[in-house]
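Each remark here refers to the structure printed beneath this line.
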Amino acid sequence: MYRGQAFGLVIVGLIACDRATASRQHAGSLGSATGVQITVSLRGDGTGRVTSIPAGIDCPGSCTMTVPNETLLTLTASPGTDSRFRGWSGQCVGTQSCTITAARDQSVVASFAPIPPDTCDGVVPAALGQSVSRVIYESPGYWTFCEDAVSDAAGNVAGFVGGRGGPFGWTIWAPDGTAEGKIATSDLVPQAVGFQGIAFYPSGNDVAAAFYSWTPTGTVLRRTDVARDPKSTSTVASAFAAVTGGSVAVSTTCYANGPGRATSELIVSRFDRDGVLISTASVGGEGCFSAGAVADEFDNTLVVLMDDGGGALGFPEDRVVARWLARDGQPLTNWFDAGPSPAGDPEVRPLIGGGAVVGNGFVWLAAFRSGVPVADERPSFLIDDDKLHIVRSGRGYAQFSVNDVSRYGTLKLYSPAGRFCGDLRVEEGSELHIGKDGTVMALSGPQRCSIRWWPRLLK
C-alpha cells in the first residue's frame, strides 16, 4: 500500500529535465598528436562481446584502438547465449549502445552475468519450519490498524501500526522475537542491517522532510534533508527500494500559483546502503503527479509518473510517463510515454535480470527493460491485485494478495521466467508480507495487529 508522507495537499509531482544521454565524458589524459586511445574491459562471470563503429574494437580479442581526436565512436555489447549484459561503467552508462566523443584517452567497462537457470528446484520450501509470534499493538480500535510488515537482510522484523487515535510507526524485533526498538515513519525500506525511510520534522515556520538510516533498535545513523514545505505549496516525499542496497528518495512539491496549470519541483536522491547520499537530480515543470520509483539490479532507477488528469510534460492526458536515471543521477533516457494511466499511485517492482514492472496497486500495466525507453508487455504470470517479490536470492518470484481476503494466507511461487512452481499455504486468512531476507510474515487478529513470522523461509 502506498503511504508516501505528505504535508499540505496530497499531490505528487515528478518532472525532470529533457536532457538524456547514454554516455558521458570524464577528464582523462589528453590524446596524443597521433590520436586518442579507447580501451574496453570485460567484467563479470558471464560471457559477451563488445564491438565498435567505426570498426576496431572486437573484445575479447581486440580491446584497444586509436582514433583521431573528436571521432564519434559507438560501442555495442552483445551477451552470450547463456548470459545477460549488466551494463556499462567508466565512460558509458546504462545498458544500450554507447556513443562517446574521443577527445581524451578513455576506458569503458562492460559487465556480463550468467542468466539464472529457469528451474523450480528449491523455490518451494518443503516445510514452513518454526515460527515466532508477537503483537504489534495490544488494543487496536476501530480507527487503528496494522497494515504492513518488513524484515531486513539480517532477519530483524518490523510491523507497522497507523490510523487515528493510536500510535504511529514501526515496532521492531530481532529474528527470535526479542524487542529491539521503534521507528516513527510510514514507509520503511529494509537494508542489509537496519532500515531507511523518510520522516518529517518542524523547521521554523515550515516542515522539512529528511531521509534517515536507522539501526534495528531505531537509533538514527544518518539524516539528510530532502525537502522543505514553504507555505502555499504541497510536498510529498517517499523512499523506494534499490536492489543493490540503499534507497531512492523522491520528494515532489506542487505549486498552485493562480489560474492555469500548476507547476512542480522534483528531487530524486540516490542513497547507498549506509545512508550516504550518492546523487541528487532536481528538476521541475508543468503539472502535478503521483510518483513511484525503483533502482534495479543494474543500479538504474526507473521513475514513473501518473498525471492528475491534465497531462504532463507535453504528453496527452491520462498517460503514464517514465524516465530512466543512472546511479549518479544523470538521465539515461528522455521522458517517454509508458501507456495508459489508470487511477491510483504507481507501484514499481524490480524484475530478475534487471528492469521493472509497473502497476497501480490493482492492475499490472507494463514491463520495462533496464535503461530502455519502451514499454513491453507485462509478464504473463503476473496476477492483477497481487504483490510481487523476488525471492530465493533472485532464483524465483512470489505473488500474494493484500486486497482479496479469499486468497489471504497463500503464496504463489514461480521460476525466474515465470513458470508456476506451486502454492505455499502459510496461514489461512492472514495478510502476508515478505522481507528482504526471505522471512514470511502473517498479520491476523483484531485490526491485523498480531504478527507471526517464519524466519528466512524463502531465503
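The values are calculated or read from the model by the stated rules, or taken from the named source; none is laboratory data. Since the model is a prediction, treat every value here as computed from it, not as a measurement. Cβ placement follows ideal geometry from the backbone for every residue including glycine, while neighbour counts extend to all protein chains displayed.
Scoring Asp384 on the criteria (1) touching an Asp or Glu at 6+ places or on another chain (Cβ under 8 Å); (2) outside any strand (DSSP E or B) leaves a single failure, condition (1). On the given criteria, is Val150 aliphatic (A, V, I, L, M), assigned by TED's automatic domain parsing to the domain that holds Ile267, within 28 Å of Trp454 (Cα to Cα) and at pLDDT 95 or above? So Val150 fits the description; yes. For Gly353, indicate whether it is among the small types (Gly, Ala, Ser), assigned to a loop (DSSP other than H, G, I, E, B) and either in the same structural domain as Val132 (by TED's automatic domain parsing) or surrounded by fewer than 21 Cβ atoms within 10 Å (Cβ to Cβ) (or both). When the stated conditions are applied, Gly353 passes them. Each residue in segment 149-192 was checked for being among the β-branched types (Val, Ile, Thr) and under 15 Å from Ser133 (Cβ atoms), and 3 of them qualify. Identify all residues within segment 383-423 that are free of Cβ contacts under 8 Å to residues at least 40 places away in the same chain, surrounded by 19 or more Cβ atoms within 10 Å (Cβ to Cβ) and closer than 16 Å to Gly355 by Cα; write none if there are none. Correct list: Leu388 only. Restricting attention to segment 85-133, the residues that are part of a loop (DSSP other than H, G, I, E, B) and closer than 30 Å to Arg452 by Cα total 13. What residue, among those in segment 153-170 that are in a strand (DSSP E or B) and surrounded by fewer than 24 Cβ atoms within 10 Å (Cβ to Cβ), is modelled with the lowest pLDDT? Per the criteria, the residue is Gly163.
Of everything in segment 298-344 that is surrounded by fewer than 19 Cβ atoms within 10 Å (Cβ to Cβ) and acidic (Asp, Glu), the residue that is modelled with the lowest pLDDT is Glu317. If the condition is being modelled with pLDDT under 95, crowded, with 20+ Cβ neighbours inside 10 Å and not aliphatic (A, V, I, L, M), then segment 270-288 contributes Gly285, Gly287, Cys288. Whether any residue in segment 191-203 is within 21 Å of the chain's Cα centre (by Cα), modelled with pLDDT of 95 or more and among the polar types (S, T, N, Q) is what I want to check. The answer is yes; a qualifying residue exists.
Listed by first and then second residue, the pairs linking a residue in segment 424-444 that is closer than 15 Å to Ser393 by Cβ to a residue that is crowded, with 21+ Cβ neighbours inside 10 Å and acidic (Asp, Glu), with Cβ atoms under 9 Å apart and 6 or more places separating them unless they lie on different chains, are Gly435/Asp152; Lys436/Asp152; Asp437/Asp152. Scan segment 85-110 for residues that are surrounded by 21 or more Cβ atoms within 10 Å (Cβ to Cβ) and either within 27 Å of the chain's Cα centre (by Cα) or assigned by TED's automatic domain parsing to the domain that holds Val374 (or both) and the total you get is 13.
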